[in-house]
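These notes are about the structure you will find just below.
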Amino acid sequence: MKTKKSLSAIIIAAALVLSACGSVKPEDFSIGTDSGPIKTSETSAVSFDTDNKILFKAENEENNPLITNLFAADPTSVEDNGRLYVFGTADEQQYRTRPKSKNTYESIKSFIIISTEDMVNWRYEGEIDTKEIAPWIIASWAPSVVSREESDGKTHFYLYFSNSGAGVGVLTATDPSGPWSDPLGHPLVSAGMEGLENCPNPFDPGACIDDDGVGWLSFGGGKAKDGSDYMPGVARVVRLGEDMISLNSDFAEVKTPYFFEASELNFIGGKYVYTYNTSWETRSEWDYDLPVLYPPACSMAYLTTETPLDTDSWQYQDYYLKNPGELGMEYSNNHTHLHKFKDKYYLFYHTLVLQKERGINKGFRALSADEVTVDEENAVIYKCDASR
């Protein structure tokens, strides 16, 4: 962000063991989806909270990562009473559970929550212990949260998340900082369910609510039986039921060139905007008759439509965020979330900047955000560079 950060007074008390290793290829930190869901051992969630709620941010001209004492990734956000609440995959849990191993994500069974009123000063709101709330999970990654006011006069929050690479779960609450509950007792979306035979890893959900109050869910991963590196054929979108915890349509494919993971949805200017992380694969094909070229390797790209269940209606637009490795940082996967807060759009994402500052090279990610320009009338996301 182009805003100088102030010095927060208190560091959350934490004893972090720092270690170092040799160079690691970028793909070592992406989720291996071809082999199915990652099997995990039982691990309890790590409580990152103390009586001190203010997060530490050094006073300098550098703006990212947002917080410097917790590893987290895959950001999502929701506004409530003038505060923006940001949720992330708790890479910190993996780090504290296995500090000498690379980040393979299997020990992550919780989310962290931070909040802000001004995008400068951040407060730690606690964690969501997903394994305690939903004991059936394998692991919990990549949250996507939405909210709406309901007939009881309360604002209800719905947090969708990856159950490892095996599907999508959902938690609910009436306060963004919790308590959260598991309304279903099982996944909302699972690999192998009817209509997903050609989507081996239905994970990384992205949710939105349109102007008619209808909820939508996107997800996808792996490669379809008839898929290719160019068109893996696994991105999906589905209409949610009125209760937001059921499905109310067939699954529709979104044709996403060089798709990898990290689905997200926004509703902007009457259009549905589907964003995703492109793959590392060599760009050998491009069939789109557009004034833009194929997206760079492991960049963030997007499509738009007015009719999300019509596969052929989705129009590829462009990429909007290069991989941080092309900007002098370390290469990694990415996962973005677009949010309009107090009349400005912000793009949330993650990088490996914090682990480098700690002398680590094991794939532990940190939350970042920058202002981004969005043409609301035409649902255009202008290109934005990751920063630090």
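No value in this document is a laboratory result; all are computed from the given coordinates. Because the structure is predicted, anything quoted here is derived from the model rather than measured. Quick reminder, even Gly has a Cβ in these numbers, built from the backbone with ideal geometry, and neighbours come from all protein chains shown.
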Summarise the long-distance tail of P(r) for the stretch 26-381 by giving the % of C-alpha pairs beyond 27 Å.
41
Along the Cα-to-C-beta direction of residue 228, a point sits 7 Å from the Cα; which residues of the stretch 267-283 have their amide N less than 15 Å from that point?
281-283
Within 12 Å, Cβ to Cβ, of residue 292, how many net charges do the neighbouring residues add up to if Lys/Arg are +1 and Asp/Glu are -1?
-1
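Translational diffusion coefficient, Stokes-Einstein: compute it for the stretch 197-349 using the Kirkwood radius over C-alpha pairs as Rh, at 10 °C and 1.306 mPa s, and state it as an integer in µm² s⁻¹. Kindly include the intermediate steps, with their values, before the conclusion.
Working: Rh = 15.8 Å.
Answer, rounded: 100 µm²/s.
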State the Cα centre-to-centre distance between the stretch 272-319 and the stretch 150-203 in whole Å.
26
